[in-house]
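Read through the structure below, which is laid out as structure tokens, and then see the notes.
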Amino acid sequence: MFKFVAALLLLLASPAAASNELQGQPLDKIEYMAAAHGVTVEKLNEADSALLDAATGTRPMPSEIYLLMLKTSVIIALVHDGIVVISTDPIERAAIDKILGRSGV
């Protein structure tokens, strides 16, 4: 539990260092701690997942894509059976918005 809390606090202070610490963590704990610190967690629907797959390449299947929305960046987390299996370094939020066809967000 301490490692998880430390990773989430590190996520807020230094997202690049924290993203790799999310691997192996239960999604429900990440969602709980993220909400407590103002980080939005968004599960992508099938259409948005297909857009992201097309832009970034094939992801391990089966997995669901979650976005951890920070102020100016996003961490992509692939989740299988409620556990984060892969998490990325932060990506500029504008880049994700462009891939997903979101404007004015």
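Observations
- For residue 84, the residues whose modelled amide H falls within less than 5 Å of its own, excluding neighbours fewer than 5 places apart on the same chain, are 24, 25, 27.
- Local net charge near residue 102, Cβ-Cβ under 14 Å (Lys/Arg +1, Asp/Glu -1): -2
- Here residue 61 and residue 94 are evaluated by their C-beta separation; at R0 = 35 Å the FRET efficiency comes out at 0.80.
- Each peptide in 31-37, 57-63 receives the mean, over its residues, of other Cβ atoms within 10 Å, and ordering these scores from highest gives 31-37, 57-63.
- By the rule of a C-alpha distance below 18 Å, with chain neighbours fewer than 8 residues away ignored, the aspartates and glutamates paired with residue 29 are 21, 42, 64, 81.
- Pairwise label distance in nanometres, residue 49 with residue 85, each label 7 Å out on the Cα-Cβ vector: 1.1 nm
- In order along the range 47-52, phi translates into HN-Hα couplings of 5, 5, 4, 5, 4, 5 Hz, rounded to whole numbers, per the Karplus curve 6.51 cos²θ - 1.76 cosθ + 1.60 with θ = phi - 60° and x for Gly and Pro.
FYI, it's all coordinate maths here, none of it is from the lab. Since the structure is predicted, the reported quantities are computational estimates derived from the model, not experimental observations. Here the Cβ is made from the backbone with ideal geometry for all residues, glycine too, and neighbour counts use every protein chain on show.
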